[in-house]
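Right, one structure below, let's go through it.
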Amino acid sequence: MTSFTVPNRFCGPPDSGNGGYTCGMVARELAADGTRAVECTLRTPVPLNVELRVERTEKGAVLKHGDQLVIEAVPAKIDVTPPAPISFAAAQTAMASSAALDPRHPFPTCFVCGPKRGAHDGLRIFPAPIPGELFAAAWIPDHEFGNGEHYLRPEFLWAAMDCPTGFASGFPTAGKLVTGRLAVQQLHPIRTGVECVLMSWPLGVEGRKYFSAACLYQENQPCAVGRATWIKVEG
């Protein structure tokens, strides 16, 4: 059993932890290097600044706050077909039209997509629509988020894969959506300080559930894939 806390810096909504970051911390228990596909289901908002315990189970692992179940994690298989990436420059240009920059963003201090987070504080990933029902964002991982060999740590990869799937699901124009389930697999090591392009796309809607997928590219190579279920809570 291991434990950790989610500090305020790594929030999604202002009063709870970013789902991708926290799921990535749990997934490390099942795949320390991130190369094994893991699926995490969030059962309750992630509390900030309190001890959270990771416990192994027969099926995978769980994250608990006291007796409360926060996240369940199990090995998974991610069957998605990533699109061809656009260039980093094209993704940068597209981000100017991102809904993340709209003053009505419900979570403007989100660690990943919050426009009120400064450079070297949040990730500042602002997915924007591009032709083909796709979304794209440009990102250069800060060295702070890497290991001693300057490769991106799994929890920050998961964070980076989280919000792009949300925008592909319709956040925030479809209403207030939150991460319900996220699965990620790293295919190749991702270097910090090197340009990345994140692509995401919708997979369908069932009632309040919105399904989507994402791929992270570095030097035009798919380095990570993910799929997600977002839950509509308002709007």
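Table for the structure above
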| item | result |
| --- | --- |
| Meets criteria (open to solvent by 40 Å² or more (accessible area, probe 1.4 Å) and without any contact (Cβ under 8 Å) to a residue 12 or more places away in the chain) for A96 | no |
| Residue in region 11-22 that is surrounded by 14 or more Cβ atoms within 10 Å (Cβ to Cβ), in a loop (DSSP other than H, G, I, E, B) and more than 17 Å from the chain's Cα centre (by Cα) present | no |
| Among (1) in a loop (DSSP other than H, G, I, E, B); (2) within 16 Å of the chain's Cα centre (by Cα); (3) not β-branched (V, I, T), the one test that G132 misses | (2) |
| Subset of region 63-82 that is surrounded by fewer than 18 Cβ atoms within 10 Å (Cβ to Cβ) and either in contact with a helix residue (DSSP H, G or I) (Cβ under 9 Å, 6 or more places away or on another chain) or basic (K, R) (or both) - its residue that is nearest to A213 (Cα to Cα) | K77 |
| Lone qualifier among G180, G175, G146 - being touching a residue at least 24 places away in the same chain (Cβ under 8 Å), on the phi > 0 side of the Ramachandran plot and not basic (K, R) | G175 |
| In region 198-229, the residues that are without any contact (Cβ under 8 Å) to a residue 60 or more places away in the chain, among the small types (G, A, S) and closer than 19 Å to V112 by Cα | S212, A214 |
| Test: residue in region 42-62 that is touching a Phe, Trp or Tyr at 6+ places or on another chain (Cβ under 6 Å), open to solvent by 30 Å² or more (accessible area, probe 1.4 Å) and in contact (Cβ under 8 Å) with a residue 12 or more places away in the chain | no |
| A90 vs. criteria under 27 Å from P222 (Cα atoms), open to solvent by 40 Å² or more (accessible area, probe 1.4 Å) and assigned to a loop (DSSP other than H, G, I, E, B) | no |
| Criterion: open to solvent by less than 50 Å² (accessible area, probe 1.4 Å) and either modelled with pLDDT under 95 or not in a strand (DSSP E or B) (or both) - qualifying residue of C223, C163, C215 | C163 |
| Which listed residue is touching a strand residue (DSSP E or B) at 6+ places or on another chain (Cβ under 6 Å) and not in a helix (DSSP H, G or I), from P141, P103 | P141 |
| Matching residues in region 196-211 - criterion: being outside any strand (DSSP E or B) and either closer than 27 Å to F88 by Cα or open to solvent by 90 Å² or more (accessible area, probe 1.4 Å) (or both) | R208 |
| Qualifying residue in region 96-113 (condition: basic (K, R) and within 17 Å of the chain's Cα centre (by Cα)) | no |
| Residues located in region 178-195, provided they are in a strand (DSSP E or B) and either of a type in the set (G, A, S) or more than 20 Å from K77 (Cβ to Cβ) (or both) | V178, G180, A183, R191 |
| Test: residue in region 108-127 that is open to solvent by 30 Å² or more (accessible area, probe 1.4 Å), under 20 Å from T165 (Cβ atoms) and among the small types (G, A, S) | no |
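The values are calculated or read from the model by the stated rules, or taken from the named source; none is laboratory data. This is a predicted model, so every value here is computed, not measured. Here the Cβ is made from the backbone with ideal geometry for all residues, glycine too, and neighbour counts use every protein chain on show. Accessible surface areas use protein heavy atoms only, side chains included; no ligands, DNA or RNA. Shrake-Rupley method; radii C 1.70, N 1.55, O 1.52, S 1.80 Å.
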